[in-house]
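Have a look at the structure below before the remarks.
Values in this text are rule-based calculations from the coordinates and carry no lab data. These numbers were taken from a predicted model, which means no experiment stands behind them. Here the Cβ is made from the backbone with ideal geometry for all residues, glycine too, and neighbour counts use every protein chain on show.
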Amino acid sequence: MQPDSLTFIFLNAALMNNFVLALFLGLCPFMGVSGKLETAVPMGLATSFVMLISSLSAFAINAILVRYHIEFLRLIAYIAVIASAVQLVEMTLKKYTPGLFKALGIYLPLITTNCAILGLALFQTFKHYGLMQSIVYALGAGAGFTLAIALMSGLREKLDLSDVPGVVRGAALSLMLGGLLSLSFMGFAGLGGTH
Amino acid sequence: MSAIPHREPREKQAVTWDVFSEGLWRDNPVLVMMLGLCPALAVSNSAINALAMGLATTFVLITSGAIISLLRRFIPRQVRIATYIVIIATFVTLVDYSIQAISLDLYNALGAFIQLIVVNCIILGRAEAYASRNPFGRTVVNATGMGLGFTIALLVLGAIREILGSGSLFGVDLFGPNFEPWVVMILPPGGFIVLSLMLVAFNLVNRRLGSNIKQAKGHSHAA
C-alpha cells in the first residue's frame, strides 16, 4: 500500500498505530468509561464525531496560521478551537437531536480534555495531510478509539465476575488488560507502516 | 459545580511540609490519582525521555499554577477553564520551543507529547483544585511536590522499561553484549504492563504501611 493512500491512512490510524493502544492517547476515557459496554460505545462514537469536527477545524486554522506566518500560535489556536467545537457540537445536538444529546450526556464536554483530539490535530499537521487525508485520518482514529474502548469494556465486564486478588483489583488490572490488548494489536504492525 | 454557591474560600497561609509532600506519595498524580497517564506511558521508553517529560511538566505545573494563583481574584468563574487553558498553552509553547532549542534529539524523541502537556489532566486539575483557591506560596510549593511526584513516577517507569527493554540506563550499557533485550518492554504493551506492576507494588507497600498506621491507632480490620 502507498503510505499516503487513503486506505493506508485509515488502517494506520485505526489498527497499526491505534490511538489508544499504540500511541497512548485518550487513556483517561479508556480507563474511566470502559466499565460497561453500553457507555463505552456511545463514548467512542461521540469522540469520533468530535475528532472529525476538530480535524476539519484544525485543517482550516492551520491554513490561516501558515498564510500569516504565525505558526507559534498553533497550540493555543487549536485548543481554543477544539474547546469551542465541542461546545458548538453540544449546543447543536441539544437543539436538533435532543435524543442523541441525552444519550451522550456528560461525555460530550469531557471530550475537550481528551488528548486524542488534540493529538489528532497535531499529528495531521506534522504529517502535512491534505483535506481528504485529514478527514480519513480522523475517521480512522475514531474507529480505532471506538474499537479499543469497546474491546476493553467487554473484557472488563467479564472480569467483574472473576475472583482476583485485592491488590490487583482496579486500575492495575485495567492497565494489565490494556497491555494485553496492546500486545495483540502489535500483530497488526505487519500490515505496514511504523509511524 | 454551579450548585455550590461561590464563596470566598478560606485560605490557609501556612506553607507546611504536608503541602509539598502530598504529591510525592499520598496523592501521587500517576500512582494514586491516575492523572497524566498518556504522557507517562508514551514517553517512558527510556529514562532520559521520562526525565525530560517529567521536568517539562513540572515547569508548566509550577509556572501556570503561580500565574493562576496570582490572578485567581480577577478570573471570572464562568470563563475560568478557558482562561486556565490559554495560560497553560502559553507556557507549553514556551517549553516546546525551549526544548527544540536545547536538544533537537530530545525534541524529536518526545514528539507531539510536549505539546500535549496542554491537555495533561494533572495541570488543569491542579489549576482548578488548588491554584485557583490557594495563595502564591502554597501553590508553588504544592505544584513543585506534584511535579516531582510525577517526575519520580515517570523516571522509575522509564528506568525499568529501559533496563529491561534495551539493557541500558540513561543510554549507558549495563549488561554487555550477551544481554538479549526484552524488546516488548520499550514497545507500547510494556508501558501498560510495567505501570500495572508498579501499581501492584505501590498498593502492597501502602497496604503494609497502612496496616501499621491502623494498628497504631487500634483499628485492625482487614482491608
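Odds and ends about this structure:
- Using the empirical formula 2.2 N^0.38 Å as the baseline, the Cα radius of gyration of the stretch B:133-179 reaches a ratio of 1.79.
- Euclidean distance of C-alpha centroids, the stretch A:115-137 and the stretch B:98-120, integer Å: 18 Å
- The stretch B:20-160 pair-distance distribution - Cα-Cα, 5 Å bins, rounded %: 2, 11, 22, 23, 20, 13, 7, 2, 0
- Between helix A:37-67 and chain A: long-axis angle, C-alpha atoms, 0 to 90°, nearest 10: 20 degrees
- 3J(HN,Hα) couplings calculated from phi for the stretch B:28-40 with the Karplus curve 6.51 cos²θ - 1.76 cosθ + 1.60 (θ = phi - 60°) are, in sequence order, 3, x, 7, 7, 10, 7, 6, 9, x, 5, 4, x, 4 Hz; Gly and Pro show x.
- When only Cα pairs below 8 angstrom with a gap of at least 6 residues are kept, chain B shows a relative contact order of 33 percent.
- From the alpha carbon centroid of the stretch B:23-45 to that of the stretch A:44-78 is 28 Å.
- Kyte-Doolittle mean at least -0.5, axial Cα span of 30 Å or more - DSSP H helices of chain B: B:47-71, B:80-102, B:136-166, B:188-217
- Listed peptides B:45-53, A:164-172 appear in the order B:45-53, A:164-172 once ranked by packing, highest mean of other Cβ atoms within 10 Å at the front.
- Note on chain A: helix-only mean residue ellipticity at 222 nm, from DSSP H runs of 4+ residues weighted -39500 (n - 2.57) and normalised by residue number, equals -22500 deg cm²/dmol.
- Cut-off 9 Å between beta-carbons: net charge of the residues surrounding B:Met146, Lys and Arg +1, Asp and Glu -1: -1
- Just checking the listed ones, B:Ala109, B:Ala42, B:Ala153: in the Gaussian network model of chain B with Cα springs under 10 Å, the one fluctuating most is B:Ala109.
- Three-way shape call for the protein assembly as shown based on the alpha-carbon gyration tensor, with the a/c threshold at 1.5: rounded
- Spacing of the two label points (7 Å from each Cα toward its C-beta) at B:Val172 and B:Leu209, in nm: 2.8 nm
- Rounded to the nearest whole Hz, the Karplus-based 3J(HN,Hα) values (6.51 cos²θ - 1.76 cosθ + 1.60, θ = phi - 60°) of the stretch A:172-181 follow the sequence 4, 5, 4, 5, 4, 4, x, x, 5, 4, with x at glycine and proline.
- Annotation: amide H-H contacts under 5 Å for B:Ser168 (H modelled 1.01 Å from N, sequence separation of 5 or more, or interchain): B:Ile163, B:Leu174.
- Relative contact order [Cα under 8 Å, 6+ residues apart], chain A, whole percent: 44 percent
- Cross-link partners for A:Lys127 among the aspartates and glutamates, with Cα-Cα distance under 19 Å and sequence neighbours closer than 8 places in the same chain left out: A:Asp4, A:Glu71, B:Asp96, B:Asp105.
- Taking B:Ile81, B:Ile62, B:Ile186 as the candidate residues, the one with maximal mean-square fluctuation in a Gaussian network model of chain B, Cα springs under 10 Å, is B:Ile81.
- log10 of Debye I(q)/I(0), alpha-carbon scatterers only, for the stretch B:50-99 at 0.25 Å⁻¹: -0.91
- Among B:Leu209, B:Leu61, B:Leu37, residue whose mean-square fluctuation peaks in a GNM of chain B (springs only between Cα atoms under 10 Å): B:Leu209
- For the stretch A:116-128, 3J(HN,Hα) per residue [Karplus equation, 6.51 cos²θ - 1.76 cosθ + 1.60, θ = phi - 60°, Hz, x = Gly/Pro]: 4, 5, 5, x, 4, 4, 5, 4, 5, 6, 5, 8, 6
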